[in-house]
Amino acid sequence: MTMFQPIATQGCGCDRRDTVRTLISIDVALALIADRTAAVDEAEDIPLGHALDRILAHPVRSVCMTPPFDNAAMDGYAVVTSALAGKGPWTLDINARVPAGQAALCPLSGLQATRIFTGAPIPAGADAVVMQEDVERTGTTIRMRHRPGPGLNIRRAGSEMAAGMTALAQGQRLGPRQIAVCAAAGAGIVRVRRRLRVALLVTGDEVRQAGATRAEAQIWDVNTPMLAAALTRPDIDLVAFEHGVDSAEGLLLQIARMAGGADLVITTGGISVGEEDHVKPALLAMGADIHFSGVAIKPGKPVSFGRVGGAAWLGLPGNPLSAFITWQVFGTALVRRLTGEAGDSAPRRLVVAAQDIARKPGRCELRPAICTGIDPQGREVVAFESATHSAHVRCLAEADGLIFLPADAGFPAAGALLEFQPFCQS
């Protein structure tokens, strides 16, 4: 039997004493994002058919009862159970035929039956539907051997939704399941938050468009297509994505212009303390409010958050894996707050490590991981690479999410319980 070790530390462990002096924990950073961010105010009414992945600004209430009338739950025959005297069998005359979408015009009485189809209205007087497999039909009569109970195979009016009840709460993301509920409630038009205006600024003189000719000391730009893809979704309007200019003064003007037309400005690179890191100095020169700058995680330590003008600002590291991981942990949480989406961002769950882990303690480490199956105890198992390299992205193609290795957990063994956060799909 495989034994396991739970890794028990407060939070992810990235707020231990030797790091908290200069860096904050993941949980504190997420709390600051939640506390300092409000959803956009504006909303719009759109047809339900165009509402996929939009966020509800108002609750959806049912227009009428659902279903709106008593109807058959299956194909068969509507009958009056009180007319069935004795033990049976009983022979009933067929008085009418009612398909779905047609009104039941002939009431039932005595030893009569109405041929009825799934979804069709129940005729007046009928109180049960006998499935067609349970009768013997001869011409215009049926023969039943078993007594049906009142209410058999009938869907009652209002049994799913009462008129005016809340079918979906404000803040719900409208996926296929939620759209089904809206349609059932009669909501052909829904009120949603307007699309979030996002501007993306990628810095780094060394990057060139993927596939383009590059000099010996240049690399291809991963962050722009990666983050543009993450931001291409129905509730986001990517109003700009640009490459940062190569001067501090020019960068200041560029950020100011982008912030003037966006709800959220995302930058990559330029937020560390090097001589070539100009983003944070430009923001400070503009009077930006920086709510945090630096989180005790690996990779992604420089990640930052604040406000510049009327826009929120998220500063991601320049290395692509670091940018992707910090986008998943902090960026998706920030977008949820700005769009007014209800619920937690990518809730974590416990999984089991497939292998021993060798690492250097000190910061909470996040590693891409692959869900490989279920162990004999019914627990989800994940595998991962032996080390994290902030500029390497090949591991992302097969990864399902991130494992969290607490700061104080030095060498967890195979079978250790770890926190796991699945990747957001959008």
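Our compactness index for region 140-223, the C-alpha radius of gyration over the empirical 2.2 N^0.38 Å, is 2.44.
Just how many % of Cα pairs in the chain lie over 40 Å apart, if you round to the nearest whole percent?
Values: 36954 of 90525 pairs.
Here the tail beyond 40 Å accounts for 41 percent of pairs.
If I take all pairs of Cα atoms in region 44-186, what percentage of them are more than 19 Å from each other? For region 44-186, the fraction of Cα-Cα distances above 19 Å is 57 percent. Result for the chain in a Gaussian network model with C-alpha springs under 10 Å: among Gly158, Gly415, Gly260, the largest mean-square fluctuation is at Gly158. Distance between the C-alpha centers of region 108-127 and region 291-309? Whole Å please. Answer, in whole Å: 67. Here each label is just a point 7 Å from Cα along the line to Cβ, and for Ser109 and Leu350 those points are 6.8 nm apart.
Amide H contacts of Ala126 (H built 1.01 Å from N, in plane; Pro and chain starts excluded): Leu108 sit under 5 Å, all sequence-distant by 5 or more or on other chains. Note on the chain: dipole from Cβ charges, positive end direction compared against Ala187, Gln328, Gly261; the farthest Cα belongs to Ala187. Once backbone amide H atoms are built at 1.01 Å from N, Leu201 has Glu242, Ile266, Thr267, Thr268 as its partners under 5 Å, excluding neighbours fewer than 5 places away on the same chain.
Derived scalar couplings between HN and Hα for region 32-37 equal 5, 4, 5, 6, 9, 10 Hz in order, rounded to whole Hz, by the Karplus curve 6.51 cos²θ - 1.76 cosθ + 1.60 (θ = phi - 60°), x for Gly and Pro.
Measuring nothing but alpha carbons in region 13-122 and taking Rh as the Kirkwood radius, the Rg to Rh ratio lands at 1.46. Starting from the Kirkwood radius over alpha-carbon pairs of region 221-377, derive D by Stokes-Einstein at 25 °C in a medium of 0.890 mPa s and give it in µm² s⁻¹. Value of D from the Cα-based Kirkwood radius: 143 µm²/s.
With a 1.4 Å probe and all protein chains left in place, how much of the accessible area of the chain comes from carbon and sulfur atoms, in whole percent? The partial results should precede the final answer.
Details: 10890 of 20360 Å².
Solvent-exposed carbon and sulfur of the chain make up 53 percent of the total.
Each residue of region 226-237 was assigned a 3J(HN,Hα) from its phi angle through the Karplus expression (A = 6.51, B = -1.76, C = 1.60, θ = phi - 60°), giving 5, 6, 4, 5, 5, 9, 8, 7, x, 8, 10, 10 Hz with x at Gly and Pro. The modelled label-to-label distance for the pair His146/Ala413, using points 7 Å beyond Cα in the direction of Cβ, is 5.7 nm. Derived scalar couplings between HN and Hα for region 131-147 equal 5, 4, 5, 9, 10, 10, 9, 9, x, 9, 10, 10, 10, 10, 9, 10, 6 Hz in order, rounded to whole Hz, by the Karplus curve 6.51 cos²θ - 1.76 cosθ + 1.60 (θ = phi - 60°), x for Gly and Pro.
Using the 1.4 Å probe convention, the accessible area of the chain works out to 48 Å² per residue with neighbouring protein chains retained.
The values are calculated or read from the model by the stated rules, or taken from the named source; none is laboratory data. Remember, it's a predicted structure, so these values are computed and weren't measured experimentally. Don't worry about glycine lacking a Cβ; one is built from the backbone with ideal geometry, like all the others, and counts go over all protein chains shown. Surface areas here come from the heavy atoms of the whole protein model, side chains and all, with no ligands, DNA or RNA. Shrake-Rupley method; radii C 1.70, N 1.55, O 1.52, S 1.80 Å.
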